[in-house]
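See below for the structure under consideration.
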Amino acid sequence: MLLISSKRFQEHTTPPGHPERPERAEVFDRIAASWRERGGRVVEPRAATRDELLRVHDEAYVAAIEAVNGRAAMLDPDTFTSPESYEVALLAAGAAVQAAEHALDTRETAFALVRPPGHHAERDKAMGFCLFNNVAVAAAAAVARGLARVAIVDIDVHHGNGTQWMFYADPRVFYVSTHQYPFYPGTGAANETGTGAGKGFTLNVPLAAGARDADYEIAYGEIARALDRYAPELLLVSAGYDAHAADPLASMRVSTEGYAQIVRTLRDSAARARCPLALVTEGGYDLDALASCLDATIAVLGAI
Ligand SMILES: [Zn+2]
């Protein structure tokens, strides 16, 4: 497995007390250092190109984010920039594309450890700590290479509204999410299943607050069957760890082992479809839980 990470992900700063804080990137650095010590490979990300971003974001939106380069700004009540955020966000999106490209080119799993996260970012707006929609930029890059079936499984506790809407009418990207519901951002009902040619290519599995490992195991059994039917050519994972019992933002009770089990299920789905696997981080706001879940994910995926 290849890790893609950079100390530069610490440079996007948020106001004091904000959960999506630079210390999360220090966790990524420790994970990457330990992977390197064990003989694993870690590479620096590249910036996403303008063309890559414009596959999922409006030109005016990308220009608006570029316009706050070099200064602090509030983009929505939860979403802030610091002077370095534009460049760091380009690296986060670029890392996600790199992970997908590496997986497709080599069939080796790749994991991009990035912040800011991406899945709430919409075509035309920043939202929920997210600037560019990293996993969506990666999925669009895979489609641009000619892939006809890209699956995104979003294991973050929040629904990935941005990712869902970007591909809602597109059967080439199957968006699947488990999430606490009802909860932020409000979308992700079971009857949101896609539209037009994309009908049936969005699968939401909303779960009540307090869901435990056993509830997730049932949900991921259903998701595994749906992935078997779809037969993806690439499986992307929006790897958010905020369904962990220790997370301060949400109310789920998933253990670190529960997360390992989710990752095992997805790894096995990819193996059955003979498709490459690439992951990109999303949320996860308890630093110890984030570290232990990343360790567990890497242990499941991790032939060096
Ligand atoms: Zn989240």
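Some observations on this one:
- Each Lys and Arg contributes +1 and each Asp and Glu -1, all at the Cβ; summed about the Cα centre of region 1-117, the dipole is approximately 440 debye.
- Loop-located trypsin sites (Lys or Arg not before Pro) in region 1-66 (DSSP state other than H, G, I, E, B) with a sparse environment of at most 11 neighbouring Cβ atoms within 10 Å: R38.
- Trypsin sites (Lys or Arg not before Pro) within region 120-215, DSSP loop, no more than 14 other Cβ atoms inside 10 Å: R123, R145, K199
- Backbone HN-Hα couplings from phi across region 230-235 [Karplus 6.51/-1.76/1.60, Hz, Gly and Pro as x]: 6, 6, x, 8, 8, 10
- The phi-based Karplus calculation (6.51 cos²θ - 1.76 cosθ + 1.60; θ = phi - 60°) puts the 3J(HN,Hα) values of region 207-213 at 10, 6, 3, x, 4, 10, 3 Hz, whole numbers, x for Gly and Pro.
- The chain - mean residue ellipticity at 222 nm from DSSP helices (-39,500 (n - 2.57) per run, n ≥ 4, rounded to 500): -12500 deg cm²/dmol
- P(r) tail fraction, region 1-103 - alpha-carbon pairs more than 22 Å apart, %: 36
- Dimensions (Å) - region 200-304, Cα atoms, principal axes, largest first: 36, 35, 20
- Cβ charges +1 (Lys, Arg) and -1 (Asp, Glu), total dipole of the chain, debye: 760
- Across region 220-229, rounded Karplus estimates of 3J(HN,Hα) from the backbone phi angles (6.51 cos²θ - 1.76 cosθ + 1.60, θ = phi - 60°) give 6, x, 5, 5, 4, 5, 5, 5, 4, 5 Hz, Gly and Pro being marked x.
- With only Cα atoms counted, the chain has Rg and Dmax values of 17.1, 49 Å.
- If you take all other residues with their beta carbon under 13 Å from the beta carbon of V42, and give Lys and Arg +1 and Asp and Glu -1, the sum is +2.
- Largest mean-square fluctuation among A289, A197, A96, in a Gaussian network model of the chain whose springs join Cα atoms under 10 Å apart, belongs to A197.
- In the distance distribution for region 212-271, Cα-Cα pairs more than 13 Å apart total 62 percent.
- In the chain, taking the dipole from charged Cβ atoms about the Cα centre, the farthest positive-side position among G188, A126, V153 is held by V153.
- Each DSSP beta bridge with both residues in region 2-147 is either parallel or antiparallel, and the antiparallel ones are about 40%.
- Those trypsin sites (Lys or Arg not before Pro) in region 256-296 that DSSP places in a loop and that have at most 13 other beta carbons within 10 Å: R274
- Rough spin-label spacing in nm, given labels placed 7 Å along Cα→Cβ, for K199 and A231: 2.3
- For region 171-250 versus region 45-115, the gap between their alpha-carbon centres in whole angstrom: 23
Every read-out reported here was derived from the displayed coordinates using simple, explicitly stated rules and does not represent laboratory data. Predicted model, so just to flag it, every value in this text is computed and none were measured. Here Cβ is always computed from backbone atoms with ideal geometry, including for glycine, and neighbour counts include all displayed protein chains.
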